[in-house]
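Here the structure comes first, spelled out in structure tokens, and everything after it is commentary.
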Amino acid sequence: MNIKNEGQLIEYNNEIDVIKKIDSPFIMKVIENFMIKNKYCIVCEYVDGCDLLTLMEKGSAINETDATNLLFKILVGVSHLHNSYIIHRDLKLENIIVKFENDKVDFNKIENLKIVDLGLGTFVKNNEQIKGLVGTPNYIPPEVFKGNEYDYRFDSFSIGVLYHIMIMYEFPYEGKTIKEVSRNMLMNTINFDGSK
């Protein structure tokens, strides 16, 4: 993190203090932060398991019931973030870590689920609206592509995309570039038939 003045350092430390206080079984915990040779370091808990993208790439199909159970845990975790005035802004399969009992993939036996990587997260005050293109293209809401302001609902859109992928095994809006994804999204071309 590039901190240029005392005010930014105070803001950074305050934000880290808030993140450290998030007590959710579904959010990776930040344990400590410190500075070494003008570099800011954040120590997080070790999260064992596998990300949802890797599980799905290995052919671990997720039926609607299992996807809904995963969705509930994700929603509880994101609710804890939003109650702490944090928008994650990068919710995606790769940032959801799942640990199964006995390390055997069985969505009925989830030992733990953690939302990780708050690197693009931001703090907002009450009903504050923010602006800026940030996140992973297939998970970014249309408002952001249009250059509009956004709020916590950024994460809601990303969660909808996650759920769609878990059930349909594909992105709702395809594209190989940010431009293609945004064009398809803004044209409202969504695929529900389960074929690529």
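On the basis of being loosely packed, with under 13 Cβ neighbours inside 10 Å, acidic (Asp, Glu) and under 21 Å from the mean Cα position of the chain (by Cα), does GLU15 make the cut?
The answer is no for GLU15.
Of everything in the stretch 20-55 that's charged (D, E, K, R) and not in a loop (DSSP other than H, G, I, E, B), which residue is nearest to GLN8 (Cα to Cα)?
The selected residue is LYS39.
Please find, within the stretch 18-47, the residue that is nearest to the chain's Cα centre (by Cα) out of those that are surrounded by fewer than 15 Cβ atoms within 10 Å (Cβ to Cβ) and over 21 Å from HIS80 (Cα atoms).
Ranking the qualifying residues of the stretch 18-47, first place goes to CYS41.
Return the residues of the stretch 1-40 that are free of Cβ contacts under 8 Å to residues at least 40 places away in the same chain, charged (D, E, K, R) and within 22 Å of LEU91 (Cβ to Cβ); say none if nothing qualifies.
Of everything in the stretch 1-40, those that are free of Cβ contacts under 8 Å to residues at least 40 places away in the same chain, charged (D, E, K, R) and within 22 Å of LEU91 (Cβ to Cβ) turn out to be LYS20, LYS29.
Within the stretch 132-145, track down each residue that is of a type outside the set (S, T, N, Q) and either touching a Leu at 6+ places or on another chain (Cβ under 7 Å) or within 17 Å of GLY119 (Cα to Cα) (or both).
Matches in the stretch 132-145: GLY132, LEU133, VAL134, GLY135, PRO137, TYR139, ILE140, PRO142, VAL144, PHE145.
Name the single residue that is nearest to MET56 (Cα to Cα) among those in the stretch 70-115 being of a type in the set (Asp, Glu) and modelled with pLDDT of 90 or more.
By that ranking, first place goes to GLU94.
Every residue in the stretch 76-109 that is among the aliphatic types (A, V, I, L, M), crowded, with 17+ Cβ neighbours inside 10 Å and farther than 30 Å from GLU11 by Cβ, please.
LEU93, VAL98
Among the helices (runs of 4 or more DSSP H) confined wholly to the stretch 83-196, which include 1 or more residues that are touching a Pro at 6+ places or on another chain (Cβ under 6 Å) and in contact (Cβ under 8 Å) with a residue 24 or more places away in the chain?
Because the criterion is at least 1 residues that are touching a Pro at 6+ places or on another chain (Cβ under 6 Å) and in contact (Cβ under 8 Å) with a residue 24 or more places away in the chain, the helices (runs of 4 or more DSSP H) in the stretch 83-196 that meet it are 153-168, 178-186.
So for the stretch 120-135 (the condition being surrounded by 11 or more Cβ atoms within 10 Å (Cβ to Cβ), under 15 Å from the mean Cα position of the chain (by Cα) and at pLDDT 95 or above), does at least one residue qualify?
No.
The values are calculated or read from the model by the stated rules, or taken from the named source; none is laboratory data. Note that this is a predicted model, so its numbers are computed, not measured. Here Cβ is always computed from backbone atoms with ideal geometry, including for glycine, and neighbour counts include all displayed protein chains.
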